[in-house]
Amino acid sequence: RKIWFMRQAGRYLPEYRKIRKEKKDFLDLCLSPNLASEISLQPIERFDFDFIILFSDILVIPYSMNQKVSFLKNHGPVLSQIRKKDDLCYTNFQKCLGRIKNIFETIKILKEKKKKKEIIGFCGGPFTVLNYMIEGGTSVKHSKILNFIKGNKKEAAELTDILTELSVEYLKEQIRAGVDYVQVFESWASLLEDEDYENFIVKPNKKITEDIRRFSEKTKVIHFPRGSGKKYMNFIQEVECDVISIDETCPNEIVEYAKRKDIAIQGNLSPTILFEGGEALQVKTKEILEKYKNNKHIFNLSHGILPRTPIENVETT
């Protein structure tokens, strides 16, 4: 059994906040190898987690295609408006990756400093990234992306194909630089059903896994189709990953299926429970350890650490 936490490097750590004050632009911070590698290692030095998670962001992909991306304090990401693939610079993937080449330098630094730890690189799932690109940032109702998929099926499919192919090339470069695992965060999988779920969640994620496997057999692939609920089984049966990341909605049949197929389960402590701490944290932690004791299990959260989570709660876990 191993452990790491989604967003384990971030705002809950005073050492991170110190660096963040010095570097006002978040994207600039992600593209600063010395600082990004230092941040990646902060939770390892403090908590001795089993994995180093690359400090970066899923929105470096639209940035690489010349979509304007900025991060506003107390708001989150803001992206310039696009409505079609021709609003982007996507025809030369090497040029796109050149805009974010510093991320690969960060990985090389981490590889030199990792000791016995393993490094996890990542990208956003194609639909999740497209969601931010069409919505122009975070959203509550996600009406723009849902209307876009409904009314512009061909354009949505073409954009998804571009994002899928570019994500594969991005992950390949991370592997060349030294990551041991790659994770695909499909954080908004919960928005889609039926045929749309198949076309925009399952198929792109399946292609990413198959292409990465052909490129590097030794690299482990993690998928996180967050909020899939009953569709988790459909996902895991079609997308043959090494690790399935789960949230609180994960159906019980996943446990047996994963055990049978030798797939590791990653998750699924609630970030809210980690934030609150106390007896509830101890009870839930023991419950999760018991539930997955017969599986390969990476103890993690069902999503990212909340910004004001007390450090002592993380230490307790």
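Some notes on this structure:
- Pairs, first basic (Lys, Arg) in the range 10-39, second assigned to a helix (DSSP H, G or I) and open to solvent by 60 Å² or more (accessible area, probe 1.4 Å), C-beta under 7 Å, six or more apart: 11/17
- Among residues of the range 98-122 being assigned to a helix (DSSP H, G or I) and in contact with a Gly (Cβ under 8 Å, 6 or more places away or on another chain), the one that is nearest to residue 186 (Cα to Cα) is 107.
- The range 253-264 residues that are more than 10 Å from residue 242 (Cβ to Cβ), paired with ones that are open to solvent by less than 100 Å² (accessible area, probe 1.4 Å) and of a type in the set (D, E, K, R) (beta carbon under 8 Å, 6 or more apart): 255/291
- In the set 55, 51, 71, only one residue is open to solvent by less than 70 Å² (accessible area, probe 1.4 Å), among the hydrophobic types (A, V, I, L, M, F, W, C) and in contact with a Pro (Cβ under 9 Å, 6 or more places away or on another chain); that residue is 71.
- Residue count, the range 71-97 (criterion: within 24 Å of residue 29 (Cβ to Cβ) and outside any loop (DSSP other than H, G, I, E, B)): 9
- Scanning the range 226-263 for residues that are touching a strand residue (DSSP E or B) at 6+ places or on another chain (Cβ under 8 Å), hydroxyl-bearing (Ser, Thr, Tyr) and under 20 Å from residue 1 (Cβ atoms) yields a single hit, 245.
- Residues within the range 105-118 that are without any contact (Cβ under 8 Å) to a residue 40 or more places away in the chain and open to solvent by less than 50 Å² (accessible area, probe 1.4 Å), tallied: 0
- Those residues of the range 242-272 which are open to solvent by 20 Å² or more (accessible area, probe 1.4 Å), assigned to a helix (DSSP H, G or I) and either touching a His at 6+ places or on another chain (Cβ under 6 Å) or farther than 20 Å from residue 229 by Cβ (or both), in sequence order: 259, 260
- If you go through the range 86-104 and pick out every residue that is surrounded by fewer than 17 Cβ atoms within 10 Å (Cβ to Cβ) and either among the basic types (Lys, Arg) or touching a Phe, Trp or Tyr at 6+ places or on another chain (Cβ under 7 Å) (or both), you end up with 3.
The values are calculated or read from the model by the stated rules, or taken from the named source; none is laboratory data. Keep in mind that this is a model prediction, so the values were computed, not measured. Using ideal geometry, Cβ is built from the backbone for each residue, glycine included, and neighbour counts are taken over all protein chains shown. These area figures cover heavy atoms from the full protein model, side chains too; ligands, DNA and RNA do not enter into them. Shrake-Rupley method; radii C 1.70, N 1.55, O 1.52, S 1.80 Å.
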